[in-house]
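The values are calculated or read from the model by the stated rules, or taken from the named source; none is laboratory data. What you are looking at is a predicted structure, and each value in this text was computed from that prediction instead of being measured. Every residue, glycine among them, receives a Cβ derived from its backbone with ideal geometry; neighbour counts consider all protein chains shown. SASA here: full protein model, heavy atoms, side chains in, ligands and nucleic acids out. Shrake-Rupley method; radii C 1.70, N 1.55, O 1.52, S 1.80 Å.
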Amino acid sequence: MSDLMLKLRNLKVVFPAQEGIIKAVEGIDLDIGKGECVALVGESGCGKSVTSLAIMKLLNSPPALVKVDEINLDGEELKNHSDAKMQELRGKTLSMIFQDAMTALNPVMTIGRQIDEIYIRHNNYSKREARKLTIKALDLVGVPEAKSRANSFPHQLSGGMRQRVLIAMAFACMPKLIIADEPTTALDVTIQAQVLNVLSDMQKKHHVSLLLITHDLSVVANMADTIYVMYSGKIVETASKRELFTSPKHPYTEGLLGSVPRLSDSHHHFVQIPDAVPHPMFKPGGCYFHPRCSYCTEECKLKMPPLVKTADGSEYRCFHPLNLKGGHKDAK
Amino acid sequence: MPNEAKSIIMELEHLSVDFPVKGALPFQKKRRVQAVTDVSLKIESGETFGIVGESGCGKSTIANAMVGMIRPTEGKVIFKGQDLFALERKLFKEARRDMQMIFQDPFSSLNPRFNVYQIISEPMLIRGKSTPEEMKERVIELLRLVGLSDKDLYRHPSDFSGGQRQRIGIARAISLNPDFLICDEPVSALDVSVHAQILNLLMELQEKLQMTYVFISHNLAVVKNLCDHMIVMYLGKVMESGSTKAIYKNPLHPYTNALLTAVLDVDIDNQKERVILEGDIPSPIDPPKGCRFYQRCPMAMMGCKSIAAPLIEVEPGHFVSCHKVNGFPEPYANEENTRPLDPENE
Ligand SMILES: Nc1ncnc2c1ncn2[C@@H]1O[C@H](COP(=O)(O)OP(=O)(O)OP(=O)(O)O)[C@@H](O)[C@H]1O
Ligand SMILES: Nc1ncnc2c1ncn2[C@@H]1O[C@H](COP(=O)(O)OP(=O)(O)OP(=O)(O)O)[C@@H](O)[C@H]1O
Ligand SMILES: [Mg+2]
Ligand SMILES: [Mg+2]
């Protein structure tokens, strides 16, 4: 057995539309080790959610057209699994935490019942046993007065509490892999800190693998082991957290890091990346980032750079990588 | 900046805003949301004034009261020396033209059926003082100012990215040369990589057009580099106020501290010890009698529950509302009140 929990190879997802084809995901490889927290970072529309839904095999087809070489979960190939088989896996081996708890929860069922069901369905516990476990699980994710709160309906809880409930549900059956899609984006800063803390603690305690999806690099600074940076449907850089934050190789990563304001800054100018993310139907030729890149050359306009591996296992998709020998790069 | 005392463009005097809410059940009596309670502040001409706090603390309510869209329950809004809500209709309208607002969501704040020209020229059209030629010229000038071009004149909002839409919203807001601009979370709905563009644009425009800004945000890293003075709010009340420099150098209120450490930092060698607050933000319906923050405060004392915490000047211009910092006022400064709050007794 390998150390990999998830091995995804060459995932492609397109959405045919009237005016053309949206290439949402263009050949992505993703490795998640056992007990590892991997972050998938990128801006709105770059294909993060589509990637996670494809791994769970939750994309409706049509409209989505999915092609993939391998979706290997702890040695089991999911590519050709039937819907029924996947249904069984989801919630047991694989589970997901969504950004919008309100749509992920059943509004007319108490949260206690919803968690009970997971225990009952997957482990054949009795109702009484299940409720005991539910209360314990709610307690673990920091829901106060878990016993009485279990009888609340989703709308009676605050956003932070609902997100905790989703975390409790995701961990209920000790899955091997949890995918959390922007789990804290909708929350206030102090609540966001609480929820991330809970998620991180749970992940370490139970040694599950976690795929954390976010558009906010600062969220992963505390949690992720490895980071994948995605731009317009492609991975542009992969590296360990330290490597990525201290010596980013792709100009987009550098730009993202630079544009996050820091408390330690004292200047009155924010470092900016020009223009905006390309429209998914009209991506530029060559490297997708070239129109916004300050290092762009003729070559970049003509050819898509390949993903290049470095000695330390990082990868980058750029003809003019930065910080190649490690260490800090001086300002441009 | 001239040397003489800076003029005050906007002043709030003991501003309170309540909203009536229905009881959960029909026979229950109406209750009131205390969205903003007793907020006083002064904004200097030409500065950027920050309002910081979490969801529901009353930031947008203050903004709406400043521009005359919400009538205060108590207190005054004084714009350029005049009590805004005491002005006669015509003067009120005129004053409102000098104040504009940029909204958080550039997707819902622009009319999707209008083209860019119609959107930006609408305020001029309503004022009715310009010819169509003048308006068109002005719109093109505005588009250039915000980094768009005359090619965009007849396109519709749906043809633009979030950042570009926010630029259109900014062009519209500055079309009548306001001198007071409120930016209510202007980047939180945008892609991360365009945050900096919009913030830089706002600063550039402020310099060019000599505007005063009120900048509303929950991101303390942004506020730090943008604002001259700021207030930190919690559940409708000011917890701390002062110059941005003083507050960042010496944050006094436990809530300010928690907010500061909750800003996740991309500087991975510099991850600070985070203060993680317990519990949720309570409801502004029937807020606590004492300090509004006591339920989540890591330093709360018994007295914080029932004794209101006045906003007291700790160093010149730096105010904080906290019993831990200021001590209890006289008859309450006893041992019972200063005992740490026992969460079990809650
Ligand atoms: N059902 C669908 N039909 C057509 N296009 C779709 C569909 N779902 C997603 N897309 C397109 O696929 C691309 C990737 O979408 P995805 O939801 O994965 O983005 P994301 O990275 O999760 O963004 P966000 O940060 O906004 O959640 C987008 O361009 C989107 O418009
Ligand atoms: N028209 C209204 N009727 C009733 N309650 C209201 C109304 N407007 C605001 N409130 C309440 O007043 C409080 C303050 O709201 P406000 O919108 O000012 O908060 P905010 O600080 O801007 O929050 P956010 O960060 O979410 O925008 C909230 O509890 C809100 O629910
Ligand atoms: Mg998404
Ligand atoms: Mg608001």
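What the table below lists for this structure:
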| item | result |
| --- | --- |
| When residues of region A:232-262 are limited to those that are assigned to a loop (DSSP other than H, G, I, E, B) and surrounded by fewer than 21 Cβ atoms within 10 Å (Cβ to Cβ), the one farthest from the other protein chains (Cβ to nearest Cβ) | A:Ser247 |
| Complete set of residues in region B:277-301 that are open to solvent by 30 Å² or more (accessible area, probe 1.4 Å) and farther than 24 Å from A:Gln156 by Cβ | B:Lys289, B:Pro298, B:Met299 |
| Residue check, B:Thr256 open to solvent by 10 Å² or more (accessible area, probe 1.4 Å), hydroxyl-bearing (Ser, Thr, Tyr) and part of a helix (DSSP H, G or I) | no |
| Complete set of residues in region B:245-260 that are more than 8 Å from chain A (Cβ to nearest Cβ), in contact (Cβ under 8 Å) with a residue 12 or more places away in the chain and out of contact with any Ser or Thr (no Cβ under 9 Å at 6 or more places or on another chain) | B:Ala246, B:Asn250, B:Leu252, B:Pro254, B:Thr256, B:Asn257 |
| Selection within region B:28-60 - closer than 18 Å to B:Leu311 by Cβ, away from ligand 2 (no atom under 13 Å from the Cβ) and of a type in the set (D, E, K, R) | B:Asp38, B:Lys42 |
| Test result for A:His155, modelled with pLDDT under 85, away from every other protein chain (no Cβ under 11 Å), closer than 24 Å to A:Pro107 by Cα and more than 23 Å from the chain's Cα centre (by Cα) | no |
| When residues of region A:100-115 are limited to those that are part of a loop (DSSP other than H, G, I, E, B) and open to solvent by 70 Å² or more (accessible area, probe 1.4 Å), the one farthest from ligand 3 (Cβ to nearest atom) | A:Val108 |
| Residue in region A:153-174 that is in contact (Cβ under 8 Å) with a residue 60 or more places away in the chain and closer than 21 Å to B:His218 by Cβ present | yes |
| Strands (runs of 3 or more DSSP E) wholly inside region B:30-114 containing at least 2 residues that are more than 16 Å from ligand 4 (Cβ to nearest atom) and open to solvent by 70 Å² or more (accessible area, probe 1.4 Å) | B:31-44, B:74-79 |
| Which numbered condition A:Ser266 fails, given (1) within 8 Å of another protein chain (Cβ to nearest Cβ); (2) under 30 Å from A:Pro16 (Cα atoms); (3) open to solvent by 50 Å² or more (accessible area, probe 1.4 Å) | (2) |
| Positions within region A:269-296 being within 11 Å of chain B (Cβ to nearest Cβ) and without any contact (Cβ under 8 Å) to a residue 24 or more places away in the chain, in sequence order | A:His269, A:Phe270, A:Val271, A:Gln272, A:Ile273, A:Pro274, A:Asp275, A:Ala276, A:His279 |
| Only listed residue being closer than 30 Å to A:Tyr288 by Cβ, part of a helix (DSSP H, G or I) and among the polar types (S, T, N, Q), chosen from A:Ser52, A:Ser61 | A:Ser52 |
| Single unsatisfied condition, A:Asn80 versus (1) assigned to a strand (DSSP E or B); (2) exposed (fewer than 15 other Cβ atoms within 10 Å of the Cβ) | (1) |
| Residue match in region A:33-45 (condition: within 14 Å of ligand 3 (Cβ to nearest atom), open to solvent by less than 30 Å² (accessible area, probe 1.4 Å) and outside any strand (DSSP E or B)) | yes |
| Pair list, Cβ < 6 Å and 6+ apart or interchain, from region A:52-71 residues that are under 19 Å from A:Leu177 (Cα atoms) to residues that are open to solvent by less than 40 Å² (accessible area, probe 1.4 Å) and in a helix (DSSP H, G or I) | A:Lys57/A:Met86 |
| Single residue of region A:76-106 satisfying the filter (charged (D, E, K, R) and touching a residue at least 60 places away in the same chain (Cβ under 8 Å)) that is farthest from A:Leu212 (Cα to Cα) | A:Lys92 |
| Residue under evaluation B:Gln197, criteria (1) touching a His at 6+ places or on another chain (Cβ under 8 Å); (2) within 7 Å of another protein chain (Cβ to nearest Cβ), criterion not met | (1) |
| From A:Ala146, A:Ala180, A:Ala137, A:Ala170, residue being open to solvent by less than 70 Å² (accessible area, probe 1.4 Å), away from chain B (no Cβ under 14 Å) and within 16 Å of ligand 3 (Cβ to nearest atom) | A:Ala180 |
| Which listed residue is of a type in the set (Val, Ile, Thr), open to solvent by 10 Å² or more (accessible area, probe 1.4 Å) and out of contact with any Ser or Thr (no Cβ under 7 Å at 6 or more places or on another chain), from A:Ile97, A:Ile120 | A:Ile120 |
| Criterion violated by B:Gly147 - all others in (1) out of contact with any Lys or Arg (no Cβ under 7 Å at 6 or more places or on another chain); (2) open to solvent by 50 Å² or more (accessible area, probe 1.4 Å) satisfied | (1) |
| Candidate set from region A:201-231 (those that are within 15 Å of the chain's Cα centre (by Cα) and part of a loop (DSSP other than H, G, I, E, B)); member that is farthest from the other protein chains (Cβ to nearest Cβ) | A:Val208 |
